[in-house]
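Report on the following structure.
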Amino acid sequence: MTKQPTAQSAAHNSLTTFSLSAPSSAVPLVIQWQKNGVSLPGVTGASVTFGPLTPTDNGAKYRALISLPGAYVTSDEVALTVTPDVTPPTVISAVSS
């Protein structure tokens, strides 16, 4: 692997992206992302985006399994920190009576 994913910190209700890069290969690589050691169905690719984030995502650990026929390697496991969304609410429209 030429670039490992890195830990992320993002606000509640926002999105976050994890990415990695692997050396090019004549054999297609298969990338499968995991959250807390469990494979995430359909979450494949060198770059993946998660969200909107909730407080239950705080502390989750993400890693990728990279495989090709006969071999596999795992990326570093990295943590996600979800911070409170401190953006004050805005009024979109007012209803008059």
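Work out the charge dipole of segment 1-94 with +1 on the Cβ of Lys and Arg and -1 on the Cβ of Asp and Glu about the Cα centre, then indicate which of L80, V43, S93 is farthest towards its positive end. Farthest towards the positive end: V43. The orientation-averaged projection of the convex hull spanning the C-alpha atoms of segment 47-97 amounts to 6.5 square nanometres.
Kirkwood hydrodynamic radius computed over the chain comes to 15.1 Å, based on all pairs of distinct alpha carbons.
With +1 on each Lys and Arg Cβ and -1 on each Asp and Glu Cβ, and nothing else charged, work out how big the dipole of the chain is about its Cα centre, in Debye to the nearest 20.
Numbers: 4 positive and 4 negative charges, 31 e Å.
Around 140 debye, computed over the chain.
Throughout, read-outs are computed from the coordinates displayed, never taken from laboratory work. On a predicted model such as this, the values are computed, not experimentally measured, just so you know. Cβ: placed from backbone, ideal geometry, glycine included. Neighbour counts: every protein chain shown.
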